Amino acid sequence: MTIDLIEQRVVSCGRCPELVAYRAAVAREKRRAYRDQEYWGKPVPAFGDPRARVVLIGLAPGAHGSNRTGRMFTGDASGEWLYRALFRAGFANQAESTGRDDGLVLRDCLITAAVRCAPPQNKPTPAERAACFDYLEDEFAALTGVRVVVTLGRIADDSFHTLLKRRGSYRSPRAAFAHGAETAVSLPGSPAITTLASYHPSRQNTNTGVLTEVMLDKIFSRVRELTA
Ligand code: SF4
């Protein structure tokens with residue numbers, strides 16, 4: 001199955017009744033600042049280069065970010081941080097990500113997520129994570145030639161390691177989650193992948209200094225080394 005077909009299935013998914021209701025309620029009620037906009041209000045598909053060697057895995061759409069704009073990490077503070085870093089590292093053609101028609105293109109990079117619908121308080125339940133896991137598996141079956149997987153936060157990291165335990169193998173012991181932690185792994189079609197853990201660029205982390213721009217730049221300069 002191609003990435004395009006997988007993402008068509010994602011966008012029409014309704015497996016998780018509570019998330020279906022929540023994403024629609026947020027889209028209907030809106031935040032005051034966006035009251036004149038039409039919210040996406042559906043599952044958010046992966047975004048980027050379908051032949052990417054670099055895959056980023058996030059947590060889930062933000063209620064008024066991706067759930068509003070329909071594109072991964074677009075329309076909120078997390079995305080501003082992430083796309084600025086991708087632009088500095090040469091993986092994006094521009095630093096701004098404001099909407100699906102803003103001209104942003106990713107090069108050799110694709111962004112996906114552990115969960116594709118906005119969850120209340122950014123906390124999907126274990127059942128919702130399990131329900132959405134198939135899509136991540138399908139994407140990594142379609143993406144051959146992946147060299148680096150950047151996991152943005154602990155939940156994304158756990159999701160990818162769940163996938164590895166089912167379909168892949170470890171070439172080095174799994175590193176405990178920490179910013180910059182690396183593990184050498186492989187998947188069918190991608191025999192030499194490095195997983196690179198990063199703190200999530202959430203407002204909670206960036207406002208408190210847990211994650212700085214220098215720290216995020218170090219992740220992507222390491223990605224550049226690994227894909228040279
Ligand atoms: S979270 Fe995933 S599995 Fe659940 S409804 Fe959304 S797209 Fe479907």
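The values are calculated or read from the model by the stated rules, or taken from the named source; none is laboratory data. Remember, it's a predicted structure, so these values are computed and weren't measured experimentally. Methodologically, a virtual Cβ is constructed for each residue, glycine included, from the backbone with ideal geometry; neighbour enumeration extends over all protein chains shown. Remember, those area values only see protein heavy atoms, side chains included, never the ligands or the DNA or RNA. Shrake-Rupley method; radii C 1.70, N 1.55, O 1.52, S 1.80 Å.
Could you work out how far apart the two model spin labels at ALA175 and LYS218 are, taking each label as a point 7 Å from the Cα in the direction of the beta carbon, and quote it in nm?
It is 1.1 nm.
Would you mind telling me which residue in SER198, SER159, SER190 has the biggest mean-square fluctuation in a Gaussian network model of the chain, where springs connect alpha carbons within a distance under 10 angstrom?
It is SER190.
If you count only protein heavy atoms with a 1.4 Å probe, what accessible area per residue comes out for the range 3-226, rounded to a whole Å²?
For the range 3-226, the per-residue accessible area is 45 Å².
Based on the Cβ-Cβ distance from THR208 to THR98, what FRET efficiency comes out when R0 is 30 Å, to the nearest 0.05?
0.75
Amide H to amide H, which residues 5 or more places from ALA113 or on other chains are under 5 Å from it, using H placed in the peptide plane?
Here GLY58 satisfy the definition.
Would you kindly work out the equivalent ellipsoid of the chain from its C-alpha gyration tensor and give its semi-axes, the square roots of five times the eigenvalues, largest first in whole Å?
For the chain, the semi-axes come out at 26, 20, 16 Å.
Just to confirm a number: summing +1 for Lys and Arg and -1 for Asp and Glu over residues other than ALA192 whose beta-carbon lies under 9 angstrom from that of ALA192, what do you get?
Spelling it out: positives minus negatives among the neighbours equals +2.
Is any residue of the range 140-162 close enough, with backbone N under 15 Å, to a label point placed 7 angstrom from the Cα of ALA130 along the Cα-Cβ axis, and if so, which?
159, 162
Using a probe of 1.4 angstrom, how much of the accessible area of the chain is carbon and sulfur, in percent?
51
Need one number: nm distance between label points at GLU182 and LEU226, each 7 Å from Cα along Cα→Cβ, rounded to one decimal.
The modelled label-to-label distance comes out at 0.8 nm.
With both partners inside the chain, how many of the DSSP beta bridges are antiparallel, as a percent to the nearest 5?
Of the beta bridges lying entirely in the chain, close to 40 percent run antiparallel.
For the range 17-24, in order, what is each residue's ³J(HN,Hα) by Karplus, 6.51 cos²θ - 1.76 cosθ + 1.60 with θ = phi - 60°, in whole Hz (x at glycine and Pro)?
Each residue of the range 17-24 in turn: x, 5, 6, 4, 5, 5, 5, 6 Hz.
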